[in-house]
Amino acid sequence: MGLNLQQLSQEENRLYSRALQLKSSKTRDEDTLQEIFVAYKEVHRQYATLAEFEPEALKRALFIQWYALVEPSDLSGICELDEDSELKLIQVLDDRIRAGTLDKELAWMLGYYIDWDFVFDRFSSFKSLQEFMLEGKQISFPERIDRVAMQSRGQMGIYWNSLDVFS
């Protein structure tokens with residue numbers, strides 16, 4: 001049985017805290033780090049499973065997928081993800097882009113992620129995503145985000161709250 005969004009957020013916070021503790025310790029515990037990687041892979045898999053029906057799960061899974069490639073894994077706690085889950089997520093994203101059902105928040109988040117185009121190189125067969133990548137750079141950040149609400153959105157929320165581009 002899968003976890004709900006709140007439970008997944010709590011699990012992300014727990015894993016991220018453990019990864020930060022490991023990073024700050026004098027000794028490198030590879031076994032614990034591998035446990036964190038495996039657990040985060042499962043968190044992503046569960047988000048990907050929920051993503052088709054739950055826009056918030058799509059946002060969080062997409063963030064994890066992006067972050068796994070742009071942030072060092074020993075800092076994020078995120079390493080290799082399940083390829084089937086990644087493909088499932090990109091298919092949901094591609095379908096939403098094609099149908100015109102991306103909400104504004106997901107659109108600006110994706111517009112930000114595509115600056116790291118190498119993250120999406122292996123998804124060249126998803127035509128709507130590829131078109132978005134060509135046009136999406138015109139999407140700008142909102143003036144502000146709800147920083148309190150972001151606190152309950154797992155590592156995605158931690159990341160967005162860490163940026164100073166929002167008033």
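The values are calculated or read from the model by the stated rules, or taken from the named source; none is laboratory data. Predicted model, so just to flag it, every value in this text is computed and none were measured. Virtual Cβ from ideal backbone geometry, glycine too; neighbours counted across all protein chains shown. These accessible areas exclude ligands, DNA and RNA; they are computed on the full protein's heavy atoms, side chains included. Shrake-Rupley method; radii C 1.70, N 1.55, O 1.52, S 1.80 Å.
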Return the total of residues in segment 68-119 being hydroxyl-bearing (Ser, Thr, Tyr), closer than 27 Å to GLN138 by Cβ and in contact with a Phe, Trp or Tyr (Cβ under 7 Å, 6 or more places away or on another chain). 1
Name every residue in segment 76-102 that is more than 14 Å from TYR47 (Cα to Cα) and touching a Lys or Arg at 6+ places or on another chain (Cβ under 6 Å), in order of residue number. LEU102
Determine the pairs where a residue that is in contact (Cβ under 8 Å) with a residue 40 or more places away in the chain and closer than 10 Å to LYS59 by Cα, located within segment 93-108, has a partner that is buried (at least 17 other Cβ atoms within 10 Å of the Cβ) and of a type in the set (Lys, Arg) with Cβ atoms under 6 Å apart, the partner being 6 or more residues away or on another chain. LEU106/LYS59
Among (1) aromatic (Phe, Trp, Tyr); (2) open to solvent by less than 70 Å² (accessible area, probe 1.4 Å); (3) not in a helix (DSSP H, G or I), the one test that TYR47 misses: (3)
Which residue pairs have Cβ atoms under 6 Å apart, sit 6 or more places apart or on different chains, and have a first residue in segment 26-52 that is touching a residue at least 24 places away in the same chain (Cβ under 8 Å) and a second that is open to solvent by 90 Å² or more (accessible area, probe 1.4 Å) and in a helix (DSSP H, G or I)? ALA48/LYS88
The listed residue being modelled with pLDDT of 95 or more, assigned to a helix (DSSP H, G or I) and farther than 18 Å from TRP160 by Cβ, out of GLU56, GLU12, GLU35: GLU35
Within segment 118-167, how many residues turn out to be open to solvent by less than 40 Å² (accessible area, probe 1.4 Å), at pLDDT 95 or above and either touching a strand residue (DSSP E or B) at 6+ places or on another chain (Cβ under 7 Å) or assigned to a loop (DSSP other than H, G, I, E, B) (or both)? 2
Looking at SER17 and the list (1) of a type outside the set (Lys, Arg); (2) under 19 Å from ASP117 (Cα atoms); (3) open to solvent by 30 Å² or more (accessible area, probe 1.4 Å); (4) part of a helix (DSSP H, G or I), which single condition is not satisfied? (2)
For segment 67-85, the count of residues that are farther than 21 Å from GLU105 by Cβ, part of a helix (DSSP H, G or I), touching a residue at least 12 places away in the same chain (Cβ under 8 Å) and not hydrophobic (A, V, I, L, M, F, W, C) equals 4
Would you say ILE64 is within 26 Å of PHE166 (Cβ to Cβ), open to solvent by less than 10 Å² (accessible area, probe 1.4 Å), at pLDDT 95 or above and part of a loop (DSSP other than H, G, I, E, B)? no
Considering segment 135-159 alone, what residues qualify as being closer than 14 Å to TRP108 by Cα and free of Cβ contacts under 8 Å to residues at least 40 places away in the same chain? GLU135, GLY136, LYS137, GLN138, ILE139, SER140, PHE141, PRO142, GLU143, ARG144, ILE145
Restricting the search to segment 75-90, which residues are within 19 Å of GLU35 (Cβ to Cβ) and surrounded by fewer than 17 Cβ atoms within 10 Å (Cβ to Cβ)? LEU75, CYS79, GLU80, ASP82
